[in-house]
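Each value in this text was obtained by applying a stated rule to the coordinates, not by laboratory testing. Everything numeric in this text was worked out from a predicted model, so none of it was measured. With ideal geometry, Cβ positions are generated from the backbone for all residues, glycine too; neighbour counts draw on all protein chains shown.
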Amino acid sequence: MKQTLLDKINILLLKKGFTIKNLSRACFDILARKDEQILLMKVLEDANSISKDYAEEMDAVASYLGSSPLIIADKAGSMLDDNIVYSRFGIYTLNFRTFVSCIGQKYPFIRRSRAGLTASVIGKKLREKREGIGFSLNSLSKELGVTSRMVMKYESGDSEVTISRAMKIYDIFGQHVFNEINVFGRSKGPESRFETEVSRKYVELGFDATETRKTPFDIIARKDREIILTEVSDKVNPQMQSLSKLLEADNLVIFKKKKPKNIPAMTEKEFMDFEKANELVKFLKEY
């Protein structure tokens, strides 16, 4: 079933003009890019099967790429409903039909949280719509089954409301009084997480850098718009070059005994001898 879902997503993205890369044995299954938009997706039959380690690593890599991590699944224990955004370890989780709507820029406004199904009302728009159709505070409060004071609270700022109340508001005013959930939005910046000398050196050079265990590379580093994917190995992962090309990133291999061909490579000692970030970037660009 996962392969069927994976195929459907690939076909949809290709039709929408994305360039895609499928990966195996990684914390994400699909990397897709269209212009400046980058998507990282984990495709699962059951979203509950993803581990916290996989989710956190996918989220970390996404922050370096300025991209959107998503989990696309059929269920999370029970079946996922259409046009509802769920969350697994802080990553937006949705079913295929909801994903189709989002790709078409029709975003949902209902989310599943610990409080159950909720929606966020835009107070200013609610007041404008109410006044526009001639509804008094008292009339709306009766329609919603709340006090006039509660309606005033809704209109004073953005408020979370239960699904039953949201549906009553939706029936009167439509979707535009709710905050849409843009599942492709990113606000989190990269954070450095390192243990090895190589990643520590990246940070000393002024890069943000984090080590990975469930991707084709060992370290991802970023400084401004410069992204470097680094392998610390004598054997180059065959997915690396196509991955870096899609991301418009540089790649680097730090080898111990055997220097790989046709790719920027150096020993750890040579890497540690760099004193400035621009020296390293220049080396990679001139290769």
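Quick notes on this structure:
- Normalising by residue count, the chain has a Cα convex hull of 154 Å³ per residue.
- Stokes-Einstein translational diffusion, the range 2-108 - Kirkwood Rh over all Cα pairs, 0.890 mPa s, 25 °C, in µm²/s: 179 µm²/s
- Neighbour-count ranking [beta-carbon atoms within 10 angstrom, fewest first] of M240, M58, M272, M1: M1, M272, M240, M58
- Length gained when the stretch E204-K235 is fully extended (0.36 nm per residue, less Cα-Cα span): 8.5 nm
- Considering only the range 1-118, percent of DSSP beta bridges that pair antiparallel, nearest 5: 60 percent
- Inter-probe distance in nm under a simple model that places probes 7 Å from Cα toward Cβ, at S156 and K214: 4.4 nm
- Net lengthening on full extension, E45/N22 (0.36 nm per residue, minus Cα-Cα): 6.6 nm
- Beta bridges per DSSP, both residues in the range 197-286: antiparallel share near 55 percent.
- DSSP bridge orientation in the chain - percent antiparallel, rounded to nearest 5: 60 percent
- Residues whose amide H falls under 5 Å from that of R193, counting only those 5 or more places apart or on a different chain, are A209, T210, E211, with hydrogens built in the peptide plane.
- Listed residues I20, I50, I133, most fluctuating in the chain (Gaussian network, C-alpha, under 10 Å): I133
- The range 197-286: C-alpha gyration tensor shape, a/c 1.5 cut-off, then a/b vs b/c: rounded
- Based on DSSP H segments of at least four residues, each scored -39500 (n - 2.57), the chain has a per-residue ellipticity at 222 nm of -10500 deg cm²/dmol.
- Remark: for residue pairs K201/K223; K2/K188; K201/K257; K21/K52, the C-alpha separation exceeds 25 Å in K2/K188.
- Given their separation in residues at 0.36 nm each and the Cα-Cα distance between them, N83 and K269 gain 61.7 nm when the chain is fully extended.
- The listed peptides 160-173, 65-78, ordered by packing as a protection proxy, come out as 65-78, 160-173 (highest mean of other Cβ atoms within 10 Å first).
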